[in-house]
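Visitor: Please find one structure pasted underneath; my questions will follow.
All of the numbers you see were taken from the coordinates with simple rules; none came from a lab. Predicted model, so just to flag it, every value in this text is computed and none were measured. Heads up, the Cβs are rebuilt from the backbone with ideal geometry, glycines too, and the neighbour counts pull from every protein chain shown.
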Amino acid sequence: MSHDRRSILGAALALPAVLTAGSLTTATPAAAAPGGVEAGEWADLLLEPGVTAQAGAIPQVRVVTIAGTAFLQARGAVTCNLTADTRIATLPAGLRPTWYTRDTAPRNNSQGINACRFEANPAGAVTVYGGNSGNPITWVQFDSVQTIWR
């Protein structure tokens, strides 16, 4: 009898999948995690002069708490012309992080660069990093921004 490694590995990998598929058909939904999920109301970012909301995509933020961990979540998009690291907005008064929070956000694809850094500081300033005179940021989209808040 001959055994090649590929068939043995295939059989070993298939076994857990078969067992899992069988248990999924009879499983009951899991209980919510302790603490659950709490989502705050969306609040508009206060945009700086020269930064405008894209039509139908008003830049907004909210805090979402999952099992006791708070996250800043953002949505919307802006049009701008950033040729340096620039403050683009201020968080609403009730939303201030306890420390700097950072994430990446999609931007216009220029010279192979298609992301920039989104940062909110404890004073509530929202800054976008990565633009320069040779590679300006002309729009930023915030839907992917979700970062640990407190």
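Visitor: Looking at Arg102, is it surrounded by 14 or more Cβ atoms within 10 Å (Cβ to Cβ) and in a strand (DSSP E or B)? So that I can check it myself, show each step before the final result.
Guide: Numbers: surrounded by 14 or more Cβ atoms within 10 Å (Cβ to Cβ): yes; in a strand (DSSP E or B): yes.
So Arg102 passes the test.
Visitor: Let me ask something additional. Give the stretch 66-84 a look and list any residue that's part of a strand (DSSP E or B) and either among the hydrophobic types (A, V, I, L, M, F, W, C) or surrounded by 15 or more Cβ atoms within 10 Å (Cβ to Cβ) (or both), or say none. Can you show your working first?
Guide: Applying the first criterion (part of a strand (DSSP E or B)) to the stretch 66-84 yields 66, 69-75, 77-82.
Ile66, Ala70, Phe71, Leu72, Gln73, Ala74, Arg75, Ala77, Val78, Thr79, Cys80, Leu82 - these are the residues of the stretch 66-84 that are part of a strand (DSSP E or B) and either among the hydrophobic types (A, V, I, L, M, F, W, C) or surrounded by 15 or more Cβ atoms within 10 Å (Cβ to Cβ) (or both).
Visitor: A follow-up question, please. Which members of the stretch 100-126 meet the condition of being among the hydroxyl-bearing types (Ser, Thr, Tyr) and over 12 Å from the mean Cα position of the chain (by Cα)?
Guide: To start, the set of residues in the stretch 100-126 that are among the hydroxyl-bearing types (Ser, Thr, Tyr) comprises 100-101, 104, 110.
Passing the criteria: Tyr100, Ser110.
Visitor: Here is a follow-up. List the pairs whose first member sits in the stretch 104-116 and is touching a residue at least 24 places away in the same chain (Cβ under 8 Å), whose second member is outside any strand (DSSP E or B) and aromatic (Phe, Trp, Tyr), and whose Cβ atoms are under 9 Å apart, counting only residues at least 6 apart or on separate chains?
Guide: So the pair list comes out as Ala105/Phe142; Pro106/Phe142.
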